[in-house]
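> Below: one structure in structure tokens.
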Amino acid sequence: MSFDVTSTDATIKKDFDAAAFRKVLGCFATGITVITTVGRDGRPAGLTANSFTSLSLDPPLVLFCLDRKVASFESFHSNRHFAVNVLRHDQEQLSRRFATSSVDKFKDIEFETWTTGCPILKGCLAAFECDIQQVIEAGDHVIIIGEVTKIRHDADGGRPLLYYRGKYGQIAAE
């Protein structure tokens, strides 16, 4: 199967409205994660991301998209590992904290480390520890693909924190 994108490519770029594109993308509800790593200096680094998804079951691969302009870009670029922390419905403040460019996002934040030393945040719905397998250049971002080496999830189920049309939300309690 092949895709013919050349016939519409010029039209899309000529009339492209970035604000409208962002608004339309907001119609897709996503879960919220905090992706963490450790910089060359040994300090933990992390950021809020909703661009996380599964990629493959065999081997177990996940990916996330990383903006080249984020302050922690070099930390992710210099490490071969990362962790994904899936946030619970009541962790909006944690999401907001890791979405800012504050100096010490980890101050007073409880976390543990597993094999790679990447922070695993306490109380999250699920966590994945990953080895970076591939980094793909993609516009103003890079796509980081990781092989999952360790996992944990909340056995009680829990509910995820969601993001939709620029606002936080959650699945209604049963």
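Read-outs throughout are calculated quantities, based only on the coordinates presented, and are distinct from any laboratory measurement. Values in this document were obtained by computation on a predicted structure and should not be read as measured data. Positions of Cβ are generated from backbone atoms using ideal geometry, with glycine treated the same way; all protein chains shown enter the neighbour counts.
> When a/c is below 1.5 the answer is rounded, else prolate if a/b is larger than b/c, else oblate, so apply that to segment 32-133 with a ≥ b ≥ c taken from the square roots of the Cα gyration tensor eigenvalues.
On the way: a/c = 1.38, a/b = 1.13, b/c = 1.21.
It comes out rounded by the Cα gyration axes.
> Could the peptides 94-100, 82-88, 162-168 be put in order, highest first, of the mean number of other beta-carbon atoms found within 10 Å of their residues? Let's see the in-between values first.
Details: 94-100: 17.4, 82-88: 24.9, 162-168: 13.1.
In descending order of packing, they fall as 82-88, 94-100, 162-168.
> Now for a different question. Sequence gap at least 6, Cα distance under 8 Å: using those rules, report the relative contact order of segment 86-174 to the nearest whole percent.
Values: 116 pairs, mean separation 26.5, N = 89.
Computed over segment 86-174, the figure is 30 percent.
> What number, in percent, do you get for the relative contact order of the chain if the mean sequence gap of Cα pairs under 8 Å and at least 6 apart is divided by its residue count? Intermediate results must be reported in sequence, preceding the final value.
Details: 327 pairs, mean separation 44.7, N = 174.
Answer for the chain is 26 percent.
> Using 0.36 nm times the number of residues separating I151 and I132, minus their current alpha carbon distance, what extension gain do you get?
Details: separation 19, 0.36 × 19 = 6.84 nm, distance 1.53 nm.
My answer for the length gained is 5.3 nm.
> Return the calculated 222 nm mean residue ellipticity for the chain, to the nearest 500 deg cm²/dmol, obtained by summing -39500 (n - 2.57) across DSSP H runs with n ≥ 4 and dividing by the residue count. Don't skip to the end; give the middle numbers.
Numbers: 4 runs with 31 residues, N = 174.
Taken over the chain, the calculation gives -4500 deg cm²/dmol.
> Going by C-beta contacts inside 10 Å, put E74, E112 in order with the fewest on the left. Numbers along the way, then the final one.
Numbers: E74 13, E112 9.
With the sparsest Cβ surroundings first, the list reads E112, E74.
> Quick check: residue separation of T53 and L25 times 0.36 nm, minus the Cα distance between them. What number comes out in nm?
Details: separation 28, 0.36 × 28 = 10.08 nm, distance 1.55 nm.
Length difference between fully extended and current span is 8.5 nm.
> Can you tell me the length gained on complete extension of the stretch V70 to Y168, counting 0.36 nm per residue apart and subtracting the Cα distance? Don't skip to the end; give the middle numbers.
On the way: separation 98, 0.36 × 98 = 35.28 nm, distance 2.13 nm.
The span from V70 to Y168 would gain 33.2 nm if fully extended.
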